[in-house]
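To start, the structure under review is shown below, and the notes come after it.
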Amino acid sequence: MAIASDTTHLKSSYDPSKNYTVPLIVVTSLFFLWALGGKMNDILIPHLKKALDLTDFQSSLVQSAFFAGYFFAAIPAGWVMKKVGYKNGILIGLGIAIVGACLFYPAASTRVYPFFLSALCIMACGFCFLEVAANPYVSILGDPKGASSRLNLAQGFNSLGATITPFIGAQVILSGVEKSDSDLAFMSPFDLENYKIFEADRVKMPYLIIAGIFLLIAVIIFVTKLPEVKEAGLSEEGANKAKPQSPFSVFRFKHLALGVLAIFMYVGAQEGVASFIIRFMQHLQIEGVTEKMAANFIVFHWGSFMVGRFVGAWLLQKFDPAKMLAVYAIVAIGLVSAAMLTSGMVAVWCVVALGFFNSIQFATIFTLSLKNLGMYTKDGSTFLVMAIVGAAIIPALMGYISTVQNIQIAFIIPAACYVYVLFYALKGSKTRELTLAD
């Protein structure tokens, strides 16, 4: 997902006579890249479940490991950007992501699940660096009046990546060989071992290719001249009035504190639903639906998300964001409830449609949470980014419930998350301005 960054304190020496097209294309490619790596998890979860004989709870730890990387890297990434600059920070992020992607090869060779989880966490740390840097870069690459438009366009490429990645992943990772528990029980130890090796090895080449793409982009960025991004300091009057504050002082803004929890809940619900679409369809036992066919519905889910993002951007120009968020949350609650209570393709299409109503929630919660923060905006942004760790916890909780009950019942967790988002839209997002005396 593309993180909305605080660009209030950023400035560049914009020159109308210069052409920023090439730098903009290069940096925008990063938005596609972290979708390519991150949304592959939706395919990786059912695949590793089969290849390593995992429970639903164990397979859900794929998302836990991945989004834990965002949590741990958010503050270090901001610190690194300040020390070495945004361009070098991007290169460091790409380097970390390359290491993580390459580690899939030995992980597949050993078939040690914690090895896979470590590779995912390292790769996600690299993506966090890219997200912290890429958003402000896109914002300053051109006329400041078009900053919002450029950022939305770049995030559209993130949605495009999220839409096509599950389709690509299904073709190159999922073997299409599906064996029931009884089939596995009748296999000889030799045949069973070869089957597991065959399945595990299918992740090697895709992640080596991903590492190669990251390396190519790193080389291109290294040789591309990118404009410098500078921090805009406080005015002299503001500097004299401001007093040193702990980053945690930002939680005096109630709407920000509640917004951090809303991001935690929403991202957890979003990733939890997408992670278990294949498993959800397997549970429904729809006749003739294979795992590869089920993977297509992940594509449909993220495709509806992409369409919803563009439609939502237009609607948000006409309607109040908090009210829009409330409407989308209500529909999301209804769709998740229907997915739990119905069966067959009706339940599946409810999950697909949920992507559309997820589309505006992250960005809307993010912007509502940062409203009226003033000099605390950057601290607020940091904690909102860290709240993405919800995607490390909510899917795992769903996986646990699925293991002891079933995945359809586990959808009660995202339903509860959307209820909280509704509360935030109606009540929690209301703001008040603090004075320096607060």
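Read the figures in this text as sums done on the coordinates, not as results from a lab. Keep in mind the model is a prediction, meaning the values are calculated, not measured. Cβ: placed from backbone, ideal geometry, glycine included. Neighbour counts: every protein chain shown.
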Next item on the list: State, in angstrom, two size descriptors of the range 277-380 derived from its alpha carbons: Rg to one decimal place and Dmax to the nearest whole number.
Entry: 16.7, 57
Next item on the list: Please order PHE127, PHE411 by the number of other Cβ within 10 Å, starting at the fewest.
Entry: PHE127, PHE411
Next item on the list: First measure r as the distance between the Cβ atoms of GLU287 and LYS196, then evaluate 1/(1 + (r/R0)^6) with R0 = 30 Å and state the FRET efficiency to the nearest 0.05.
Entry: 0.60
Item checked: Cα centre as origin, Lys/Arg/Asp/Glu Cβ charges: the range 327-438 dipole, Debye -> 140 debye
Next item on the list: Would you kindly state how much longer the chain becomes between VAL22 and MET187 on full extension, computed as 0.36 nm times their sequence separation minus their alpha carbon distance, in nm to one decimal?
Entry: 53.8 nm
Check: Going 7 Å from the Cα of PHE310 in the Cα-to-Cβ direction, what parts of the range 351-395 have a backbone nitrogen less than 20 Å from that spot?
Finding: 352-364
Note to self: Beyond a 20 Å Cα-Cα separation, which of these cross-linked pairs lie in this structure: LYS39/LYS82; LYS39/LYS225; LYS87/LYS204; LYS82/LYS254; LYS39/LYS196; LYS50/LYS204?
What the structure shows: LYS39/LYS82; LYS39/LYS225; LYS87/LYS204; LYS82/LYS254; LYS39/LYS196
Margin query: Among 79-87, 206-214, how do they line up by average Cβ neighbours within 10 Å per residue, starting with the highest?
Written below: 206-214, 79-87
Check: Rounded, prolate or oblate: which fits the range 290-348, taking a ≥ b ≥ c as square roots of the Cα gyration tensor eigenvalues, rounded meaning a/c under 1.5, else prolate when a/b beats b/c?
Finding: oblate
Next item on the list: Would you kindly derive the ³J(HN,Hα) couplings of the range 396-413 from the backbone phi angles with the Karplus curve 6.51 cos²θ - 1.76 cosθ + 1.60 (θ = phi - 60°), listing them in order in whole Hz, with x for Gly and Pro?
Entry: 5, 5, 4, x, 5, 4, 5, 5, 8, 10, 7, 5, 5, 5, 4, 5, 5, 5
